[in-house]
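Working notes for the structure below.
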Amino acid sequence: MSDEVEVPESHPRYESLLTRHRIERGVDRGITSRQGLIAQGRGEAYDYLLGERTIESADRAERAAAAHLLRADRAVISVNGNAAALVPGELVELAEATGAALEVNLFNRTEERMRAIAEFLREHGATEVLGLEADGRIPGLDHERGKVDADGIGAADVVLVPLEDGDRAKALGEMGKTELVVDLNPLSRSAQVATVPMIDNIVRAIPNVTDHARELRDDPDAQAEAIEAFDADEALSAAERAIREGE
Ligand code: PTJ
């Protein structure tokens, strides 16, 4: 999706407008839900308050997330309608850099959207996309929202869930999984229950996790250090401070 925008690059809010266009296109293509437009608006407000940048604590979180993905026995990147519209190629690159699997997993699940997203990821280079089998369950969630692939998220020890609904994030945590969450709102339940909350825009976070993964790939000591150095509560407080005080 590189030809979709007519926003001049000189516009001071170019990145933000580009992101909006991608979400709009996602809705048009049957990838993103209409609720995804609302979620994007909410995210944008927080991004504006954070200064539309990756704050230092988010960079540390993204490094720790990269280390968790590399050290996992079975890592899965969960893809919803917003993530697919915004960073399809970047998600495929992250999966390749870390050996993680990609699984389409929707809050508002429809078979059409599942298929459209899987197809879109394949157009961006994915060779295998999980999620369509839906032969596993997340305990404690109602039928459609609890569906996962048994050998995907069902079997994963590490899951990356961008822009996740709070209930599902909590239920995945209760399954004992290491949860890596991307969410611009440090007060959201998803961010609060995450092992690693990345308080950052997904359009910046995913390529940054990939960069860290490439750097950490052959260095187990540096991976352990990145995980050790990260403190989730401290990261959430730092993001709140950045919002309140512009630090
Ligand atoms: O495609 P589906 O059916 O799986 O639905 C996906 C959405 C995102 C619509 C669904 O999971 C949902 O309704 O999520 P919420 O509860 O609105 O939460 C979305 C969270 O993501 C909010 O806390 C937003 O602040 C945050 N967010 C929105 N856009 C971004 C973001 N975080 C990072 N980067 C963004 N671009």
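Taken residue by residue, region 156-171 has no member that is within 11 Å of the ligand (Cβ to nearest atom), surrounded by 15 or more Cβ atoms within 10 Å (Cβ to Cβ), free of Cβ contacts under 8 Å to residues at least 24 places away in the same chain and not polar (S, T, N, Q). Scanning region 172-185 for residues that are more than 17 Å from Ala100 (Cβ to Cβ) and assigned to a helix (DSSP H, G or I), we see that the one that is nearest to the ligand (Cβ to nearest atom) is Gly173. Taking region 1-96 as the region of interest, the helices (runs of 4 or more DSSP H) fully inside it that hold 3 or more residues being more than 19 Å from Leu184 (Cα to Cα) and within 16 Å of the ligand (Cβ to nearest atom) are 14-28. Selection of region 107-124 for residues being more than 11 Å from Ala84 (Cα to Cα), assigned to a loop (DSSP other than H, G, I, E, B) and in contact (Cβ under 8 Å) with a residue 24 or more places away in the chain yields Phe107, Asn108, Arg109. When every residue of region 35-46 is checked against the conditions, at least one turns out to be modelled with pLDDT of 95 or more and among the aromatic types (Phe, Trp, Tyr).
In region 126-140, the condition of being without any contact (Cβ under 8 Å) to a residue 12 or more places away in the chain and closer than 26 Å to Leu216 by Cβ is met by at least one residue. If you go through region 189-207 and keep only what is surrounded by fewer than 22 Cβ atoms within 10 Å (Cβ to Cβ) and not aliphatic (A, V, I, L, M), you end up with Arg189, Gln192, Thr195, Arg204, Pro207.
The values are calculated or read from the model by the stated rules, or taken from the named source; none is laboratory data. These figures come from a predicted structure and were not determined experimentally. No Cβ is skipped: glycine too gets one built from the backbone with ideal geometry, and neighbour counts run over all protein chains shown.
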